[in-house]
1. Return the only residue of 286, 294 being surrounded by 15 or more Cβ atoms within 10 Å (Cβ to Cβ) and modelled with pLDDT of 95 or more.
2. List every residue pair whose Cβ atoms lie under 6 Å apart, where the two residues are 6 or more positions apart in sequence or sit on different chains, the first residue falls within the range 346-372 and is at pLDDT below 95, and the second residue, located anywhere, is assigned to a loop (DSSP other than H, G, I, E, B).
3. Among the numbered criteria (1) touching a strand residue (DSSP E or B) at 6+ places or on another chain (Cβ under 9 Å); (2) in a loop (DSSP other than H, G, I, E, B), which single criterion is violated by residue 207?
4. I want to confirm something. Restricting to the range 44-66 and keeping residues that are without any contact (Cβ under 8 Å) to a residue 24 or more places away in the chain and not in a loop (DSSP other than H, G, I, E, B), which single residue is farthest from the chain's Cα centre (by Cα)?
5. Among the candidates 287, 235, which residue alone is touching a helix residue (DSSP H, G or I) at 6+ places or on another chain (Cβ under 8 Å), closer than 30 Å to residue 199 by Cα and assigned by TED's automatic domain parsing to the domain that holds residue 196?
6. Which residue is nearest to residue 216 (Cα to Cα), if the candidates are limited to the range 154-183 and must be in contact with a helix residue (DSSP H, G or I) (Cβ under 8 Å, 6 or more places away or on another chain) and not in a loop (DSSP other than H, G, I, E, B)?
7. Just give me the residues in the range 330-372 being in contact with a strand residue (DSSP E or B) (Cβ under 8 Å, 6 or more places away or on another chain) and assigned to a strand (DSSP E or B), in sequence order.
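The values are calculated or read from the model by the stated rules, or taken from the named source; none is laboratory data. A quick note: this is a predicted structure, and the numbers were derived from the prediction, not measured. No Cβ is skipped: glycine too gets one built from the backbone with ideal geometry, and neighbour counts run over all protein chains shown.
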């Protein structure tokens, strides 16, 4: 029930809402029904983006028994080509007499089986932002002296997960419950590239000749939080780093600062300029090769290749105290970017980790940062 649109490439495209929003809405609705012993057909939630959603509670599946209730919410990805569009996401909620919120993963919700993700091994694959959404929305309907045991269920989750990267990441048995903003913004590659060009044109028209490019929300947050960079100087570019660097040259931009997660920007050190994992990966290979060059043992290199994410590799680097590799990776990423643009741009690279925070600032990045 989200009647918001964005125009991309001349086409009106509808926003959707995430699996995290669905889980939070189902949990809140089930908690309310268990407390009131009353069926409802709609539920309101507030997303981290600040938008209020009014979602339909799927009536044929509603069950109330004693201090427990169960219901589904239907996922709507809007006009985004999302594999989870149209699936049902449910919550089984039991009200308890202690003020605790316990969130579990049921049928169709993946389980973490390998280290290196944002959650411990053995936990359900419900990411931190959706976990917080579920807690906060359920607390809105619970009396002070009551708590809840919440089990999230996705009947089609195990089948759908086989078409995702979850098995490769060591997430078994279902999908991940995702979404940092609670909202799905529709995009196609061409439409998104067009939107980047529009932002770039606006920046140029406003007289800017230095820009900060970030892959996504986390990069933007860190650019503002770590360095106090004004949001007006920041453009989100997703995976299209090579594309936007070319456009920056075309628009006479002089200096670019790339700030982002090591999982994206480490690819630049290997000459990869479209960082989507389906186009090219090599993250662990690049990290492993550079660790070997500074003397890491065969044992450490093997462990790097056993990681499922760059966060896992970062934990290994911290454990074995090879911190110097971060600076090396930043410098190599800068060198590759400068070579890619034939020295028509000054380019600096800053890498961070979700768990460890700022990892390294490239030599060129240090110079450019002084100008922001």
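1. Working: 294 fails: surrounded by 15 or more Cβ atoms within 10 Å (Cβ to Cβ).
The conditions single out 286.
2. As it stands, the answer is 372/229, since those pairs meet every condition given.
3. (1)
4. 65
5. Details: 287 fails: closer than 30 Å to residue 199 by Cα.
Result of the check over 287, 235: 235.
6. Per the stated criteria, the residue is 183.
7. 346, 347, 348, 349, 350, 351, 352, 353, 358, 359, 360, 361 - these are the residues of the range 330-372 that are in contact with a strand residue (DSSP E or B) (Cβ under 8 Å, 6 or more places away or on another chain) and assigned to a strand (DSSP E or B).
For every residue, the table says whether it meets (1) crowded, with 21+ Cβ neighbours inside 10 Å; (2) under 20 Å from the mean Cα position of the chain (by Cα); (3) touching a residue at least 24 places away in the same chain (Cβ under 8 Å).
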{"site": "119", "(1), (2), (3)": "no, yes, no"}
{"site": "126", "(1), (2), (3)": "yes, yes, yes"}
{"site": "140", "(1), (2), (3)": "no, no, yes"}
{"site": "173", "(1), (2), (3)": "no, no, yes"}
